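Student: Please find one structure pasted underneath; my questions will follow.
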Amino acid sequence: KILTALKDGKSDAVLEEHTQADETFTQLSTKGNNNAYNNLHRGEPVFREPDYKKVRKSGHKHARGSCSSTRGLNQGLVCTPFAIGGNDICWGKPSNMGGPSSDDLDSVYAGHLGESVILVTDASTAARKYAEDKEIPIIQLKSKTESRQGKHNLQKVNNLHSSFKQDLGGYKGVSTKYLENYANLTIFRQETPGITVITRTSLLTEKLRNVSKVARWKDLRAKDYPPFVYEVLDTKPGDAIST
């Protein structure tokens, strides 16, 4: 509930000046307790088909819901673009399965790049096309050496990726349906460095006061996977994958 509220309170983020942008990848995950409702003993037991049957092409289960049954970038890896502006404002959320396209990047960054933005990216074709389509100045770094040192680099966004992976690791995996919430948790921590836990808690409390509506438990339980998960599998939300 807290992370959902934090996401809603972050929707107006605007990045300015030299903005480092890059993607990170995590495994498609269907982690979750399918019998949570029954375990609470609320009314008659309700059968709920496991999530892995509807979002995983193979239709079978793996440890902690991770997808290791398919090969290829597009089959099992969720792309999450992140960006951090020269004003130290961050933004990012899951966008697609596999390598991103220009449209995928636009679905993440649209409305969050200010007029003074200059994108700093790796040698990504999608990033170049996105910048051309949106007429945004772009500096592309063509090697790992360029991305790690010099006036323009990708160190800040790479550190953001590392923090994101560490945060997810602390929860022993996170279901893909909730991945955007945890991306915002990482961003919140990134934007509040060098402060005590008590101070950060106070800032979080203040943010939550500005959220008009808090998600209910049944809303979170009923949350579906992002549409791009089904697009790759050529299925529609709610359709089951036969084994």
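The values are calculated or read from the model by the stated rules, or taken from the named source; none is laboratory data. Note that the structure is predicted; figures quoted are calculated from it, not measured. Virtual Cβ from ideal backbone geometry, glycine too; neighbours counted across all protein chains shown. With ligands, DNA and RNA removed, areas are computed over all heavy atoms of the protein, side chains included. Shrake-Rupley method; radii C 1.70, N 1.55, O 1.52, S 1.80 Å.
Student: In this structure, does residue 101 turn out to be touching a helix residue (DSSP H, G or I) at 6+ places or on another chain (Cβ under 7 Å), surrounded by fewer than 18 Cβ atoms within 10 Å (Cβ to Cβ), polar (S, T, N, Q) and at pLDDT 90 or above?
Tutor: yes
Student: Identify the residue in the range 187-221 that is among the β-branched types (Val, Ile, Thr) and in contact (Cβ under 8 Å) with a residue 40 or more places away in the chain and, among all such residues, is farthest from residue 88 (Cα to Cα). Steps first, please.
Tutor: Initially, the range 187-221 is screened for residues among the β-branched types (Val, Ile, Thr), giving 187, 192, 195-199, 201, 205, 211, 214.
Applying the additional criterion that residues be in contact (Cβ under 8 Å) with a residue 40 or more places away in the chain yields 187, 211, 214.
On the way: 187: 10, 211: 23, 214: 27 Å.
Among them, the one singled out is 214.
Student: Among the numbered criteria (1) assigned to a helix (DSSP H, G or I); (2) modelled with pLDDT under 80, which single criterion is violated by residue 180?
Tutor: Status for residue 180: all satisfied but (2).
Student: Test residue 123 against the stated conditions and say whether it is small (Gly, Ala, Ser), farther than 16 Å from residue 12 by Cβ and buried (at least 22 other Cβ atoms within 10 Å of the Cβ). Quick ask: steps written out before the conclusion?
Tutor: Details: small (Gly, Ala, Ser): yes; farther than 16 Å from residue 12 by Cβ: yes; buried (at least 22 other Cβ atoms within 10 Å of the Cβ): no.
Here the answer is no, as residue 123 does not meet what is asked.
Student: Still on this structure, please answer the following. If we scan the range 73-80, do we find a residue that is open to solvent by 30 Å² or more (accessible area, probe 1.4 Å), part of a loop (DSSP other than H, G, I, E, B) and either at pLDDT 70 or above or within 26 Å of residue 173 (Cα to Cα) (or both)?
Tutor: To start, the set of residues in the range 73-80 that are open to solvent by 30 Å² or more (accessible area, probe 1.4 Å) comprises 73-75, 77.
Then keep just the ones that are part of a loop (DSSP other than H, G, I, E, B); that gives none.
No, that holds for no residue.
Student: In addition: Could you please give the count of residues in the range 138-177 that are among the polar types (S, T, N, Q), in a loop (DSSP other than H, G, I, E, B) and either in contact (Cβ under 8 Å) with a residue 24 or more places away in the chain or open to solvent by 60 Å² or more (accessible area, probe 1.4 Å) (or both)? Steps first, answer last, please.
Tutor: Applying the first criterion (among the polar types (S, T, N, Q)) to the range 138-177 yields 140, 143, 145, 147, 149, 153, 155, 158-159, 162-163, 166, 175-176.
Then drop every residue that is not in a loop (DSSP other than H, G, I, E, B), which leaves 143, 149, 153, 175.
Right, trim to either in contact (Cβ under 8 Å) with a residue 24 or more places away in the chain or open to solvent by 60 Å² or more (accessible area, probe 1.4 Å) (or both) and you get 149, 153, 175.
Residues that pass the stated criteria total 3.
Student: So which residues in the range 208-220 are in a helix (DSSP H, G or I) and open to solvent by 80 Å² or more (accessible area, probe 1.4 Å)?
Tutor: Hits for the range 208-220 are 209, 217, 218.
Student: Out of all the residues in the range 186-206, which are part of a helix (DSSP H, G or I) and under 20 Å from the mean Cα position of the chain (by Cα)?
Tutor: 186, 187, 188, 189, 190, 204
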